[in-house]
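Have a look at the structure below, then the notes.
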Amino acid sequence: MIKVLIVDDSPLIRALLTEVLQQAHDIKVVGVAEDPLQARELIKALNPDVITLDVEMPKMDGISFLKNLMRLRPMPVVMVSTLTQEGAPTTLEALELGAVDFVAKPTKNVTRELQAYAEILHDKVRAASQARVRAYNPPHTSSHANKVNTPDAIEFNQNALIAIGASTGGTEAIKEVLIRLPAHFPPVVITQHIPPVFSASFAERMDRISKMNVKEAEDGDVLQVGCVYIAPGDYHLRIEKLGARFVCRLDQGPAINRHRPAVDALFDSIVEIAAKRTIAIVLTGMGADGAKGLLNLKQAGAKTFAQDEKTSVVWGMPRAAMELGAADKAVPLEQVADVLMRSVIKR
């Protein structure tokens, strides 16, 4: 049984989350706390496997509590967030501090779609219980100073295309890749499983810490050197060839592998038009999205990789890719950027 502690100041939310989680045969709510101070004592007494944590609470806000928790007693945390433009930066900060994932705060209307909500919450709690959590180490320098210097003299094949797919743990994994890429790197297209609003906030955050220009992809965007395009939440990102140019296409077609955006949608769109110039990688994530698309790319001539087990927060998507034989090699996260750069150096 996965033991869960719910931390939320709202009695209604605590009751809803308890009801939803108790539906799962392998999940047990062992306690509820209305504030972080009570949570601290219950963690010592109950030793939960996973915590669900609200952001806004009395006595101590969720971010401050999370920072202390991940520094002193790292453990899997799923943030229960308000999926709004205002809530996005705070939730992304929580992921940066070490939270495994986040889920929408249940609302009065959730009863209409309770089963779908329950499945999502159950999956996220199960994934969190298996996640590799890391201790929080406060940064000693600014984000800009953390950009890794890559010699500008290195020449890259500007016709290359980099395609990245990720899910649980992916926001931080993508950051670790992007801070190492130089400003003149070939175009990068990314599908990260993320809801609407959050994708824009995530792209803005990545743009601040990357030498490349990072943006939320828009329909018709022409892929350009030095630019990164991130799929918007609730839209599949596909690449289309128009003459000599490659452009972003967005659509709200059916979910693939239960996801929109889906990594397979991005990868499969590249197979016929640019596989031989593509370097693709599946990073940390729950499930198997991207594995079949990566295999299709490999069979069409692309260079393909997957993040290794040791550095993945959740080794689900990369494992599925490896088991299919879709990836040429498993790569530790800290080496991904270097592998991508070596793959596209002009020779």
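Let me confirm something: among Ala217, Ala262, Ala255, Ala244, which residue is more than 25 Å from Glu334 (Cβ to Cβ) and modelled with pLDDT under 95? I'd like the intermediate steps shown before the answer.
On the way: Ala217 fails: modelled with pLDDT under 95; Ala262 fails: modelled with pLDDT under 95; Ala255 fails: modelled with pLDDT under 95.
Testing whether each residue is more than 25 Å from Glu334 (Cβ to Cβ) and modelled with pLDDT under 95 leaves just Ala244.
Is it the case, given these coordinates, that Ala326 is farther than 12 Å from Leu283 by Cβ and touching a Gly at 6+ places or on another chain (Cβ under 9 Å)? Steps first, answer last, please.
Details: farther than 12 Å from Leu283 by Cβ: yes; touching a Gly at 6+ places or on another chain (Cβ under 9 Å): yes.
In short, yes.
Might you let me know whether the range 238-253 holds any residue that is under 16 Å from the mean Cα position of the chain (by Cα) and assigned to a strand (DSSP E or B)?
Just the residues of the range 238-253 that are under 16 Å from the mean Cα position of the chain (by Cα), to begin with: none.
Scanning the range 238-253 turns up no residue that is under 16 Å from the mean Cα position of the chain (by Cα) and assigned to a strand (DSSP E or B).
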Open item on the list: Just checking, does the range 277-293 include any residue being surrounded by 19 or more Cβ atoms within 10 Å (Cβ to Cβ), among the polar types (S, T, N, Q), modelled with pLDDT of 95 or more and out of contact with any Lys or Arg (no Cβ under 7 Å at 6 or more places or on another chain)?
Closed with: yes
TODO: Output the number of residues of the range 311-346 satisfying the condition of being surrounded by fewer than 20 Cβ atoms within 10 Å (Cβ to Cβ), free of Cβ contacts under 8 Å to residues at least 60 places away in the same chain and part of a loop (DSSP other than H, G, I, E, B).
DONE: 3
TODO: Scan the range 206-225 and give yes if some residue there is of a type in the set (Val, Ile, Thr), in contact (Cβ under 8 Å) with a residue 24 or more places away in the chain, over 20 Å from Leu95 (Cα atoms) and touching a helix residue (DSSP H, G or I) at 6+ places or on another chain (Cβ under 6 Å), otherwise no.
DONE: no
- [ ] Can you tell me which residue within the range 45-65, out of those that are crowded, with 21+ Cβ neighbours inside 10 Å and free of Cβ contacts under 8 Å to residues at least 60 places away in the same chain, is farthest from Glu96 (Cα to Cα)?
- [x] Pro48
TODO: Only residues in the range 267-278 that are among the small types (Gly, Ala, Ser) count as the first member; pair them with residues that are in a helix (DSSP H, G or I), Cβ under 7 angstrom, at least 6 apart or cross-chain, and list the lot.
DONE: Ala275/Leu297
Open item on the list: Against the condition crowded, with 20+ Cβ neighbours inside 10 Å and either at pLDDT 95 or above or within 22 Å of Asp123 (Cα to Cα) (or both), how does Met70 come out, does it pass?
Closed with: yes
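For the range 1-73, which strands (runs of 3 or more DSSP E) that fit wholly inside it have 1 or more residues that are among the hydroxyl-bearing types (Ser, Thr, Tyr)?
Values: elements: 2-7, 27-33, 50-54.
So the answer is 50-54.
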- [ ] With respect to Ile164, determine if the residue is farther than 23 Å from Gly301 by Cα, in contact with a strand residue (DSSP E or B) (Cβ under 9 Å, 6 or more places away or on another chain) and crowded, with 24+ Cβ neighbours inside 10 Å.
- [x] no
Task: Answer from Leu46, Leu16, Leu92 - the residue that is of a type outside the set (Asp, Glu) and touching a strand residue (DSSP E or B) at 6+ places or on another chain (Cβ under 7 Å) - done: Leu46
TODO: Filter the range 77-105 down to the residues that are among the acidic types (Asp, Glu) and touching a helix residue (DSSP H, G or I) at 6+ places or on another chain (Cβ under 9 Å), then identify the one that is farthest from Asp35 (Cα to Cα).
DONE: Glu96
- [ ] Tell me, yes or no, whether the range 89-106 has at least one residue that is out of contact with any Leu (no Cβ under 9 Å at 6 or more places or on another chain), of a type in the set (A, V, I, L, M, F, W, C) and surrounded by fewer than 14 Cβ atoms within 10 Å (Cβ to Cβ).
- [x] no
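The values are calculated or read from the model by the stated rules, or taken from the named source; none is laboratory data. Everything quoted here is computed from the prediction, not taken from an experiment. No Cβ is skipped: glycine too gets one built from the backbone with ideal geometry, and neighbour counts run over all protein chains shown.
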